[in-house]
Amino acid sequence: MRFKAVAAGVLAMAASSTMVLTPGIAAADDYAGQKYSDVQSKLGDADLTGVIATRVGDIANDDDCVVESSQKAPWIKGDDFAPVTDTVLLNLNCNLPVATSQLAGNSAASPEGRAAIAAAAQKAQQDQEQAAADQAKAKH
């Protein structure tokens, strides 16, 4: 019985020290999952500056990369050590939405890969319907 009490105390101390030493869970990321070009536009509308903090992959151009995560800049500036409030750090994924046999990207089995495949199929269906409508219109 004494061993259980000591073990419980050790676990409680470890849990509380972990809570004190680690940062809290961040708020939802407003930009994750969006194209970099779209995020830059939104940041500009909000008078904020987006800065690429990290970049994974080199297949896509910056504008087509996906923002994996973002955070407000954690630094200070100037002689008065004022916090930077107008800069957002962006972490980009510039691989393909779905990997091919030659190029890196998300696995087709991953949630991101399945979503990309579904979006491509939907776009292909819309393109096909538009082509059929244009062809029918041209006949009349």
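The values are calculated or read from the model by the stated rules, or taken from the named source; none is laboratory data. Worth saying up front: this structure is predicted, and the values here are computed from it rather than measured. All Cβ positions, glycine included, derive from the backbone under ideal geometry; neighbour counts span all protein chains shown. We work out accessible area using only protein heavy atoms, side chains counted, and drop any ligands, DNA or RNA first. Shrake-Rupley method; radii C 1.70, N 1.55, O 1.52, S 1.80 Å.
Quick notes on this one:
- Scanning region 10-23 for residues that are at pLDDT below 50, of a type outside the set (S, T, N, Q) and either touching a Ser or Thr at 6+ places or on another chain (Cβ under 9 Å) or open to solvent by less than 70 Å² (accessible area, probe 1.4 Å) (or both) yields A14, A15.
- Of the residues making up region 85-114, those that are open to solvent by 60 Å² or more (accessible area, probe 1.4 Å) and either among the hydrophobic types (A, V, I, L, M, F, W, C) or not in a loop (DSSP other than H, G, I, E, B) (or both) number 5.
Every residue, every condition in (1) in contact with a Ser or Thr (Cβ under 8 Å, 6 or more places away or on another chain); (2) exposed (fewer than 14 other Cβ atoms within 10 Å of the Cβ); (3) among the basic types (K, R); (4) not in a loop (DSSP other than H, G, I, E, B), yes or no:
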position: S37; (1), (2), (3), (4): no, yes, no, yes
position: A60; (1), (2), (3), (4): no, no, no, no
position: V67; (1), (2), (3), (4): no, no, no, yes
position: I117; (1), (2), (3), (4): no, no, no, yes
position: A138; (1), (2), (3), (4): no, yes, no, yes
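- Residues of region 126-136 that are open to solvent by 60 Å² or more (accessible area, probe 1.4 Å) and more than 23 Å from G33 (Cβ to Cβ): D127, Q128, E129, Q130, D134, Q135.
- Residue match in region 94-109 (condition: more than 27 Å from I52 (Cβ to Cβ) and out of contact with any helix residue (DSSP H, G or I) (no Cβ under 8 Å at 6 or more places or on another chain)): yes
- Unmet requirement for V56, which otherwise passes all of (1) under 13 Å from the mean Cα position of the chain (by Cα); (2) within 19 Å of G105 (Cβ to Cβ); (3) open to solvent by less than 50 Å² (accessible area, probe 1.4 Å): (3)
- Positions within region 103-140 being polar (S, T, N, Q) and either touching a strand residue (DSSP E or B) at 6+ places or on another chain (Cβ under 8 Å) or modelled with pLDDT of 90 or more (or both), in sequence order: N106, Q122, Q125, Q126, Q128, Q130
- Some residue of region 74-84 being open to solvent by less than 50 Å² (accessible area, probe 1.4 Å) and touching a Lys or Arg at 6+ places or on another chain (Cβ under 8 Å): yes
- Number of the exception - K123 against (1) open to solvent by less than 80 Å² (accessible area, probe 1.4 Å); (2) part of a helix (DSSP H, G or I): (1)
- Any hit, region 42-50, residues being in contact (Cβ under 8 Å) with a residue 40 or more places away in the chain, out of contact with any helix residue (DSSP H, G or I) (no Cβ under 7 Å at 6 or more places or on another chain), open to solvent by less than 50 Å² (accessible area, probe 1.4 Å) and in a helix (DSSP H, G or I): yes
- Test: residue in region 51-68 that is touching a Phe, Trp or Tyr at 6+ places or on another chain (Cβ under 7 Å), hydrophobic (A, V, I, L, M, F, W, C) and at negative phi: yes
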